[in-house]
Amino acid sequence: MVVRTEYVKNSHISPIAKKQGNQAQLDIKKRTILTAIEIEVPERMIGNSLSSLDFSRKYGLTVSFKIRDGEPILTHFVEIPFQNGDYFYIIGENTNINKFKKKFL
């Protein structure tokens, strides 16, 4: 399982200066800690779409986009089944990211 990290840049969100492990962490008004990670799709999710997995509701995470063959898929990606070698970029609270990692990584 390959995990790559990138910081999210947004005028309303300031990245914390340091990386911790395989994730970028963001502090929003010192109330909520969010994590953003780009992760290779776990084998158990291949063949399923985000929609069929009810991903956002089950895990409390937001998927920003998918990457297939090095190219981002920015629209209608929730209905496109995952393929081997796909990556996706998820954002969510640390507790939800950790639950997802325990289940799939």
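Residues that are open to solvent by 50 Å² or more (accessible area, probe 1.4 Å) and not in a helix (DSSP H, G or I) within the stretch 37-63 comprise ILE46, GLY47, ASN48, ASP54, THR62, listed in sequence order. Cβ-Cβ distance below 8 Å, separation of 6 or more or different chains: which pairs start in the stretch 70-87 with a residue that is farther than 15 Å from ILE39 by Cα and end on one that is open to solvent by 60 Å² or more (accessible area, probe 1.4 Å) and of a type in the set (Asp, Glu)? If the second residue must be open to solvent by 60 Å² or more (accessible area, probe 1.4 Å) and of a type in the set (Asp, Glu), no pairs are left. Scanning the stretch 88-105 for residues that are open to solvent by less than 50 Å² (accessible area, probe 1.4 Å) and farther than 15 Å from ILE37 by Cα returns no hits. Report whether or not LYS29 is more than 14 Å from PHE88 (Cα to Cα), open to solvent by 60 Å² or more (accessible area, probe 1.4 Å), of a type in the set (Lys, Arg) and modelled with pLDDT of 50 or more. For LYS29, the condition - more than 14 Å from PHE88 (Cα to Cα), open to solvent by 60 Å² or more (accessible area, probe 1.4 Å), of a type in the set (Lys, Arg) and modelled with pLDDT of 50 or more - is met.
Inspect all residues belonging to the stretch 68-77 and state whether any of them is touching a helix residue (DSSP H, G or I) at 6+ places or on another chain (Cβ under 8 Å), of a type in the set (Phe, Trp, Tyr) and open to solvent by less than 30 Å² (accessible area, probe 1.4 Å). Among the residues of the stretch 68-77, at least one is touching a helix residue (DSSP H, G or I) at 6+ places or on another chain (Cβ under 8 Å), of a type in the set (Phe, Trp, Tyr) and open to solvent by less than 30 Å² (accessible area, probe 1.4 Å), which makes the answer yes.
The values are calculated or read from the model by the stated rules, or taken from the named source; none is laboratory data. This one's a predicted model, so the numbers in the text were calculated from it and none came from an experiment. A quick note on method: Cβ atoms are made from the backbone with ideal geometry, for glycine too, and the neighbour counts reach across all protein chains shown. Ligands, DNA and RNA are stripped out before the accessible areas are found, and what is left, the full protein with its side chains, is counted by its heavy atoms. Shrake-Rupley method; radii C 1.70, N 1.55, O 1.52, S 1.80 Å.
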